[in-house]
Amino acid sequence: MKYPIARPYITSKEKKLVLEVLNSDSLSIGPKYQEFEAKFAKKIGTKYACAVSSGTAGLHLAMIAAGIKEGDEVITSPFSFIASANVCLYVGAKPVFVDIDPITYNMDPKKIEAKINKKTKAILVVHIFGQSSDMGPIMKIAQKYKLKIIEDACESILATHKGKKVGTFGESAVFAFYPNKQMTTGEGGMIVTNNKKIYELCCSLRNQGRSPNMQWLDHKYLGYNYRMDEMSAALGIAQLEKLDFMVEQRQKICLSYSKYFNKHPNLVQIPETIKGNIHTWFVYVLRIKNAKIKRDDIMKGLYNIGIATKPYLPSIHLFDFYRKKFKYRLGDFPISEAVSRSAIALPLYIGLKAQDIKYISDKVVDIIKKHDKRI
Ligand SMILES: *Cc1c(COP(=O)(O)O)cnc(C)c1O
């Protein structure tokens, strides 16, 4: 594929640090993951950070540490990567979806209160595509009903809401480092918190339920192997050093895309950043305006000329498993569904040049126009 949808940005620094680990004797539980954690916590501005094997693993532990269990309900977004809803099920809780805002694609705070009942224990806030959720009203609702806030910040590292970074609002928050995210460790994730108890519990649970002072084969809790290995941590340290640069590059590319697509308001709806927010662009997602155009036809047309795209994101409640378990149906969350039907993520990675962005944008417009005429 000439233009993949995403591509990690790896330089000689990453290779050097990973090689250092490979030449040492510590491939896991060595010095690197602790260095990565300390630097990461500093970058986000939390007291603690606990490195884990994936974003999903981090969210699972954050749910356990929040005390969410069988029979509880957790309010969250249907417009997310499936992991944020699945982790509710991992602990026996029910994910209760709230439809999204049509501009930011994040949970609409106005629709939250109607979903709260005695079983509701927490709001799992997802910051989608690199933009913060509307945290002001969400925090107020959480306070009013004494609900915990856990942030799925996996797509939104360094994003802010009114000057405050995502990941610093909830009792805990989770970031992810899969290769398509703003920074990568291969596989990996990070739980951040200011709460020492949550931090210590998460550190124990990722390591088979051991306490820091325990013997290797002694276990206090039912734990997991959710540890991050040293190669991944070394990669993370190098990536963290260039994170500001990488985010700036993403912002530049997305601005250029928007400049082109702004000229075609009748064909596409471009992503919008709410005033006062910093948007860190996990993906650049357009919506096709004409609902009669089949989005998948556009994607196919682009694929055929070497431009990869993705239907970001399907609505979670319509996956087979969720339909069967919770009787969800088409029409339950109409805004989420409308975005799911019309959204298309374009190639976004460091190395895309001005002429690439122009080429991709021209082709997207051409193909949509062609389909528009046929209808
Ligand atoms: C990437 C992502 C995750 C999970 O991350 P993994 O590291 O792939 O487990 C969770 N939630 C959202 C919204 C994500 O985009």
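The values are calculated or read from the model by the stated rules, or taken from the named source; none is laboratory data. Given the structure is predicted, the values throughout are model-derived calculations rather than measurements. No Cβ is skipped: glycine too gets one built from the backbone with ideal geometry, and neighbour counts run over all protein chains shown. Keep in mind that these areas ignore ligands, DNA and RNA; they rest on the heavy atoms of the full protein, side chains included. Shrake-Rupley method; radii C 1.70, N 1.55, O 1.52, S 1.80 Å.
Please find, among 235, 243, 267, the residue that is touching a Ser or Thr at 6+ places or on another chain (Cβ under 7 Å) and closer than 30 Å to residue 4 by Cβ.
235
Among the residues making up region 11-30, none is without any contact (Cβ under 8 Å) to a residue 40 or more places away in the chain, part of a loop (DSSP other than H, G, I, E, B) and either open to solvent by less than 20 Å² (accessible area, probe 1.4 Å) or within 30 Å of residue 359 (Cα to Cα) (or both).
Would you confirm whether or not region 246-265 contains a residue that is within 30 Å of residue 201 (Cβ to Cβ), among the charged types (D, E, K, R), open to solvent by less than 30 Å² (accessible area, probe 1.4 Å) and at pLDDT 95 or above? There is no residue in region 246-265 that is within 30 Å of residue 201 (Cβ to Cβ), among the charged types (D, E, K, R), open to solvent by less than 30 Å² (accessible area, probe 1.4 Å) and at pLDDT 95 or above. Scanning region 154-196 for residues that are without any contact (Cβ under 8 Å) to a residue 40 or more places away in the chain and either open to solvent by less than 20 Å² (accessible area, probe 1.4 Å) or near the ligand (Cβ under 8 Å from one of its atoms) (or both) yields a count of 1. Taking the criterion of being part of a loop (DSSP other than H, G, I, E, B) and either at pLDDT below 95 or open to solvent by less than 20 Å² (accessible area, probe 1.4 Å) (or both), the residues of region 105-116 that qualify are 105, 106, 108, 112. Looking for something part of a loop (DSSP other than H, G, I, E, B), touching a Leu at 6+ places or on another chain (Cβ under 6 Å), among the hydroxyl-bearing types (Ser, Thr, Tyr) and open to solvent by less than 40 Å² (accessible area, probe 1.4 Å) - is there at least one such residue anywhere in region 309-318? For region 309-318, residues part of a loop (DSSP other than H, G, I, E, B), touching a Leu at 6+ places or on another chain (Cβ under 6 Å), among the hydroxyl-bearing types (Ser, Thr, Tyr) and open to solvent by less than 40 Å² (accessible area, probe 1.4 Å): present.
Listed by first and then second residue, the pairs linking a residue in region 60-74 that is within 17 Å of residue 118 (Cα to Cα) to a residue that is assigned to a helix (DSSP H, G or I), with Cβ atoms under 6 Å apart and 6 or more places separating them unless they lie on different chains, are 74/88.
Just to be sure, is residue 140 open to solvent by 10 Å² or more (accessible area, probe 1.4 Å), touching a strand residue (DSSP E or B) at 6+ places or on another chain (Cβ under 9 Å) and away from the ligand (no atom under 16 Å from the Cβ)?
Judged against the criteria, residue 140 is not a match.
Only a single criterion out of (1) crowded, with 18+ Cβ neighbours inside 10 Å; (2) farther than 25 Å from residue 164 by Cβ; (3) of a type in the set (Phe, Trp, Tyr) is not satisfied by residue 281, namely (2).
Answer yes or no as to whether residue 146 is in contact (Cβ under 8 Å) with a residue 60 or more places away in the chain, of a type in the set (Lys, Arg) and more than 20 Å from residue 61 (Cβ to Cβ).
No.
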